Structure formats: structure tokens, C-alpha cells
Amino acid sequence: MFQDKVVVVTGAASGIGRRTAGEFARQAAKVVVADIDGTSGADFVAELKNDGHEALFVRTDVTVEADCERLVAAAVETFGRVDVLVNNAGIEISTPVHEMTEGEWDRLVDTNLKSMFLCSKYALREMIGASSGAIVNVCSVSGLVAWPGIAAYNATKGGVMMLTKSLAVDYAKYNIRANCVCPSIIDTPMTDTSIGHDAAVKEQKAKLNPIGRLGTPEDVANAILFLASDKSSFVTGAALTVDGGYTAV
């Protein structure tokens, strides 16, 4: 499905990003793994190469414009172009608004929202020249509904939602599509950081989803691959929920 396509995935050293990059590689894409964790990112790319896939690791701080520009430049230098950008890097800080520091707010906004602007900015320049491309942003159900206790995180994901829709409108004339996926709680290392490893807590959180379980990175990766593929060629500006029915209640 993605034979010889060049796919850039941010936050790809673990969790949703890692599974997504791996699935693209298994679909014969040339994968550019971007992450701030140099060790995990390099080890992951080594695994992909050992399995016979074409892959490149670029250590990237997605909050820094020069890093985002360098990421896209490395993809083009190595593989010739950028066909798909998956903006996946993100963090969660659960400090209440009345106690949150300006630094915490800025870190959330820079990582969850500004990074998507920066990576898209440079990827779009390549895609416009090719008159083709797909951007998939990893948003959240908290971009659709307000989860209690994480107002700042909700705000960043609401921004991702509108950035996605705006990219879809502005770049459709270049045959570039932009969509986002909106997961609920996914069983990833970031989730372990926010809610802990306790099985009872995870079981309680799973009950929030009518389907009765937490999501997996594979669940989200499958949705991302669909939105990046030609099978969704008439889909742009969409927010695909991957939430076990959470937002249907």
C-alpha cells in the first residue's frame, strides 16, 4: 500500500508513534523516525533495518524550528521527498489551571501544538512541489470534549483539531490532505506515566469506553495508515475517533 512512500513520524521511539512507524515499514514505506530520545530512536531504526526495512533516525526536538527544518531536509536528502507526515509527538501535564506555571503551559503548547505547525510548515513545502501529500495529526478525544483536570492539555488538542481543518482547507488545491485521529485512553508508556501501572486503575479507565477495554497503539496506527492511504483519497479535514465509543455516550 505504501510501496516506496516516504513517511515521517514524530514521537516515533515509543507508544503510538513507534507502532505507526513499524506498520508503515511493514507496508514497504521508507520511514523517517523522529524523536527526542536518541537512544530509543536509534535502537528502533536499527531493528527496522535488521528486518529489511528502509529507515532513518533523526533526533528531533519538535519544539525547535531548526530541528523540524532539519528533519524534513534529512528525509529529502536520504529518500528524495516526503509523502506522509504523521505529527504524533505529544505530552500530558495535569496541573490544574490555578496552579499551573507559565513554563508548564508553554511546554504543553510547544510540544502538542507548535510542533505540528513547525513540522507541517517544512513538510508542506515539499508536498506543494510534488502536488501530493498527506498529513495525519494525532489529536485526542479531549480535542472534542473536555476531560476533567487537564484543561491545558484539552486546549492544545482543540488547537490541533482546528489546525488540521485549516490545513485541509488551505492545501486541498495542492492535492494535499490533512486529517487527525482522536484516541481515548491508549495503553502506552505515556498513559503509564499519567495513570500508573496499576491494573485496577486501568480496568476502571477501560470502563469509560463502551467497548470495555483500553485502546492499543495498533488500534491508532491502523487508523493513521488508513488516513494516509489512497483508500481515504476523498477524506480531508476529518477527525477520526479511535475511542471505543467514548464520545458516542
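The values are calculated or read from the model by the stated rules, or taken from the named source; none is laboratory data. These numbers come from a predicted model, not from an experiment. All Cβ positions, even for glycine, are placed from backbone atoms using ideal geometry, and neighbour counts span all protein chains on display.
Can you pull out the residues in segment 44-60 that are touching a residue at least 24 places away in the same chain (Cβ under 8 Å) and not hydroxyl-bearing (Ser, Thr, Tyr)?
Across segment 44-60, the qualifying residues are PHE44, LEU48, ASP51, HIS53, GLU54, ALA55, LEU56, PHE57, VAL58, ARG59.
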request  = Restrict the check to segment 200-215 and report whether at least one residue is surrounded by fewer than 16 Cβ atoms within 10 Å (Cβ to Cβ) and touching a residue at least 40 places away in the same chain (Cβ under 8 Å).
outcome  = no
key: Matching residues in segment 140-168 - criterion: being within 21 Å of SER233 (Cβ to Cβ) and surrounded by 21 or more Cβ atoms within 10 Å (Cβ to Cβ)   = THR164, LEU167
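Take the conditions out of contact with any strand residue (DSSP E or B) (no Cβ under 7 Å at 6 or more places or on another chain) and touching a residue at least 40 places away in the same chain (Cβ under 8 Å) and apply them to THR63. Does it pass? Let's see the steps before the verdict.
On the way: out of contact with any strand residue (DSSP E or B) (no Cβ under 7 Å at 6 or more places or on another chain): yes; touching a residue at least 40 places away in the same chain (Cβ under 8 Å): yes.
Spelling it out, THR63 is indeed out of contact with any strand residue (DSSP E or B) (no Cβ under 7 Å at 6 or more places or on another chain) and touching a residue at least 40 places away in the same chain (Cβ under 8 Å).
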query = Restricting attention to segment 166-185, does a residue exist that is closer than 20 Å to ILE16 by Cα, part of a helix (DSSP H, G or I) and either of a type in the set (Gly, Ala, Ser) or more than 15 Å from the chain's Cα centre (by Cα) (or both)?
reply = no
key: Only listed residue being surrounded by 17 or more Cβ atoms within 10 Å (Cβ to Cβ), at pLDDT 95 or above and either polar (S, T, N, Q) or over 21 Å from VAL242 (Cβ atoms) (or both), chosen from VAL136, VAL82   = VAL82
request  = Starting from segment 220-239, take each residue that is buried (at least 16 other Cβ atoms within 10 Å of the Cβ) and list its partners that are aromatic (Phe, Trp, Tyr), counting only C-beta distances under 7 angstrom and pairs at least six apart or across chains.
outcome  = LEU225/PHE24; SER232/PHE226
Unique match (being touching a Cys at 6+ places or on another chain (Cβ under 8 Å) and not hydroxyl-bearing (Ser, Thr, Tyr)) among LYS165, LYS157 = LYS157
